[in-house]
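Reviewing the structure listed below.
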Amino acid sequence: MIMKKILMIATGGTIASGYTKAGLTPRIGAQELLGFVEEHRKFCTVDMVQPFSLDSTNIYAVHWLELAALIRENYEQYDGFVICHGTDTMAFTAASLSYLIQNSRKPIVITGSQKPINLPVTDARTNLLDSLRFASHPRAHGVNIVFGGNVIAGTRAKKERSKSYNAFSSINYPAVAVILDGRIVFYIDDKDRLEGETRFYQELNERVLLLKLVPGMDGTVLNRLFPYYDCVVIEAFGVGGFPEYGQDPFFHEIRRWTDAGKTVMLATQVTHEGSDMEIYQVGKVIKENFNLLEAYDMTLEAAVTKAMWILGQTKDPESVRRLFYTTINHDILLTPA
Ligand code: ASP
């Protein structure tokens, strides 16, 4: 067997946490983490780096750019990358890295666990070993989460359970692969169909707001937020129902945002099956009256980080639209008719 060369990037999270009086916090270093999965020596050699050690609650765009830069700098020296990360914002990190590193022939795996790696009963050792195994597989490529025996495209993951081992689901898309007793079974084996060069990006625009509607919400809230954001992603009801109340402050505000060249995107608060604003009058009217983007089958994590990636490059509405509806790492299947 050819030994693969993997770079493990430890960033903190429960997997590396220990108990303190102040609560669980990251304190297990990269070397110690790797020591819990000695079996990896059968198929790979691992170098380690620890750019930061954080509860993922505190991870955001600055860290995503740092991770992408770290992988870019080490890209030629390694066959694959495994990032150990907290689960709470892992889906955002996986989606953002899917946009920052595109068309990678090498696997970039993100993993973590619900229990610290040094407990007698934990999911951490299996998840880390599975991740190293997947990152060493010749058919693996691109950005994926490996967790609970599933390999999930980086743009399709959502943390749906706060405590169970199967914390992550693949939303509106099948798992790329499953890992059972150390054996990888691919459901989507598309490495040969990859087109275009591997591309790294270095800009994100964090001025993206995610606004969840609640019944009766006053649309003027958008006026107050207007100065601070370049894009608002609105979580509407059902397949894309958008309220029309009284004097229609929402309509008025959306006009203000789009007239100013800001991006307004409609998504659904329903996790599964996506939006289709043209089904009901309450969605169709707004879709016909404004130049909006619609998230369709995308996850909210992917919709938000894709907007950050696009607006880091351009604010031209036509370019924004074209990039938004370009499928990247399996993120969107349904696009406007
Ligand atoms: N709060 C932790 C984190 O996201 C939770 C975890 O890793 O499971 O870092």
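So the values come out like this:
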item	result
Size of region 70-123 as Cα extents on the principal axes (Å, biggest first)	37, 23, 16
Low-density loop positions, GluC sites (Glu not before Pro), region 274-317 - DSSP coil, at most 16 other Cβ in 10 Å	GLU278
Reciprocal mean inverse distance between Cα atoms of region 22-156 - Kirkwood radius, Å	15.0
Two-site FRET efficiency, SER162 against GLU288, from Cβ-Cβ distance with R₀ of 35 Å, rounded to 0.05	0.35
Distant-in-sequence amide H partners of GLY12 (H built 1.01 Å from N, under 5 Å)	LEU54
Point-to-point label distance, LEU119-ASP181, nm (Cα→Cβ direction, 7 Å offset)	2.6
Reachable lysines from LYS212, criterion Cα separation under 23 angstrom, eight or more residues apart if same chain	LYS158, LYS159, LYS262, LYS284, LYS287, LYS306
Relative exposure of ILE2, ILE101, ILE188, ILE145, judged by other C-beta atoms within 10 Å (fewest first)	ILE2, ILE188, ILE101, ILE145
Neighbour-count ranking [beta-carbon atoms within 10 angstrom, fewest first] of ASP123, ASP88	ASP88, ASP123
Set LYS4/LYS42; LYS4/LYS106; LYS106/LYS315; LYS115/LYS163 screened for pairs whose C-alpha atoms are more than 19 Å apart	LYS106/LYS315
Within region 242-337, trypsin sites (Lys or Arg not before Pro) in DSSP loop having at most 16 other beta-carbon neighbours inside 10 Å	LYS315
Directionally averaged shadow of region 162-265, computed from the convex hull of its alpha-carbon atoms, nm²	11.5
Principal semi-axes in Å for region 180-233 [√(5λ), Cα gyration tensor, largest first]	41, 20, 10
Cβ-based exposure ranking for SER98, SER56, SER164, in which fewest neighbours within 10 Å come first	SER164, SER56, SER98
Efficiency of FRET from Cβ geometry, THR335 and TYR75, R₀ 41 Å, rounded to 0.05	0.85
Within region 55-86: backbone nitrogen closer than 14 Å to the LYS5 label point (7 Å, Cα to C-beta)	73-81
Average silhouette area of the chain, convex hull of alpha-carbon atoms, in square nanometres	17.7
Trypsin sites (Lys or Arg not before Pro) within region 1-83, DSSP loop, no more than 11 other Cβ atoms inside 10 Å	LYS21
Total charge dipole magnitude, region 219-277, about the Cα centre, Cβ charges on Lys, Arg, Asp, Glu only, Debye to nearest 20	260
Normalised per residue, the volume of the convex hull around the Cα set of region 184-337 (Å³)	137
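Every read-out reported here was derived from the displayed coordinates using simple, explicitly stated rules and does not represent laboratory data. The model shown is predicted, which means the values in this text are computed figures rather than measured ones. Positions of Cβ are generated from backbone atoms using ideal geometry, with glycine treated the same way; all protein chains shown enter the neighbour counts.
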